[in-house]
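Read the structure below first, then the notes.
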């Protein structure tokens, strides 16, 4: 992210999901793997916390996994290595190449200027916008291509979600800034 334009763009969270193994006995898993908890009354999967990199993982009996708290692709690779090692050491066979990929990125960005949200609502296509200031102080703007959702606050701060990589996030940001420039 050396580009000056995207200087304030910050990855807040990355979610990845996919398959890490064939079927898994979650009761046995939670009994053998430290930091892995199963409470079937509250949730159908086991929750596995990794300290370094700091990640929370949901592991399901189907062998599927959802990882959250990731900050970059290296954390995804490192986290998968930790999980695979833990499962293998506990006697569970994992896939040689886990089919886990990034499914969502959440980023923050500061436009560096105040935005009149009422003017945005009046000017832009209403079907892509939700704005109810009595309920939530931000405007929800849905971008069709790349498909993502942006929360826009009057302070100029944005939350972008739905991208699968940083290029998607940048494209969505460019689309939004282009729309806002025509208003401001």
Original post:
Is there a residue being under 22 Å from the mean Cα position of the chain (by Cα), in the same structural domain as residue 73 (by TED's automatic domain parsing), part of a loop (DSSP other than H, G, I, E, B) and surrounded by fewer than 17 Cβ atoms within 10 Å (Cβ to Cβ) anywhere in segment 23-40?
Top reply: no
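On the basis of being assigned to a strand (DSSP E or B), farther than 29 Å from residue 8 by Cα and either touching a residue at least 40 places away in the same chain (Cβ under 8 Å) or outside the structural domain of residue 160 (by TED's automatic domain parsing) (or both), does residue 48 make the cut? Before the answer, list the steps.
Numbers: assigned to a strand (DSSP E or B): yes; farther than 29 Å from residue 8 by Cα: yes; either touching a residue at least 40 places away in the same chain (Cβ under 8 Å) or outside the structural domain of residue 160 (by TED's automatic domain parsing) (or both): yes.
So residue 48 fits the description; yes.
Residues that are without any contact (Cβ under 8 Å) to a residue 24 or more places away in the chain, within 19 Å of the chain's Cα centre (by Cα) and outside the structural domain of residue 23 (by TED's automatic domain parsing): does segment 111-130 have at least one? Lay out the reasoning, then the answer.
Step one: filter segment 111-130 for residues without any contact (Cβ under 8 Å) to a residue 24 or more places away in the chain, giving 118, 121-122, 125-130.
Add one more test, that the residue is within 19 Å of the chain's Cα centre (by Cα), and what stays is none.
There is no residue in segment 111-130 that is without any contact (Cβ under 8 Å) to a residue 24 or more places away in the chain, within 19 Å of the chain's Cα centre (by Cα) and outside the structural domain of residue 23 (by TED's automatic domain parsing).
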Original post:
Any residue at all in segment 67-90 that is part of a loop (DSSP other than H, G, I, E, B), within 19 Å of the chain's Cα centre (by Cα) and within 26 Å of residue 163 (Cβ to Cβ)?
Top reply: yes
Original post:
Right, residue 105: assigned to a strand (DSSP E or B), without any contact (Cβ under 8 Å) to a residue 60 or more places away in the chain and buried (at least 18 other Cβ atoms within 10 Å of the Cβ) or not?
Top reply: no
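Assess whether residue 115 counts as being surrounded by 15 or more Cβ atoms within 10 Å (Cβ to Cβ) and either out of contact with any helix residue (DSSP H, G or I) (no Cβ under 7 Å at 6 or more places or on another chain) or at pLDDT below 95 (or both). Explain how you work it out, then say what you get.
On the way: surrounded by 15 or more Cβ atoms within 10 Å (Cβ to Cβ): yes; either out of contact with any helix residue (DSSP H, G or I) (no Cβ under 7 Å at 6 or more places or on another chain) or at pLDDT below 95 (or both): yes.
Judged against the criteria, residue 115 is a match.
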Original post:
When segment 59-102 is examined, which residues are found to be surrounded by fewer than 17 Cβ atoms within 10 Å (Cβ to Cβ), in contact (Cβ under 8 Å) with a residue 60 or more places away in the chain and under 18 Å from residue 15 (Cβ atoms)?
Top reply: 71, 72, 99, 101
Subject >> Candidates 19, 56, filtered to the one that is touching a residue at least 40 places away in the same chain (Cβ under 8 Å) and either under 30 Å from residue 156 (Cα atoms) or assigned to a strand (DSSP E or B) (or both) >> reply: 19
**OP:** Could you please find all residues in segment 93-102 being within 13 Å of residue 29 (Cβ to Cβ) and either touching a strand residue (DSSP E or B) at 6+ places or on another chain (Cβ under 6 Å) or in a strand (DSSP E or B) (or both)?
**Re:** 94
Original post:
In segment 145-163, which residues are crowded, with 16+ Cβ neighbours inside 10 Å, touching a helix residue (DSSP H, G or I) at 6+ places or on another chain (Cβ under 7 Å) and not in a strand (DSSP E or B)?
Top reply: 146
Original post:
Taking segment 63-99 as the region of interest, how many residues are touching a helix residue (DSSP H, G or I) at 6+ places or on another chain (Cβ under 9 Å) and on the phi > 0 side of the Ramachandran plot?
Top reply: 2
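The values are calculated or read from the model by the stated rules, or taken from the named source; none is laboratory data. Quick caveat: nothing in here was measured; it's all calculated off a predicted structure. Note: ideal-geometry Cβ built from the backbone for every residue, glycine included; neighbour counts use all protein chains shown.
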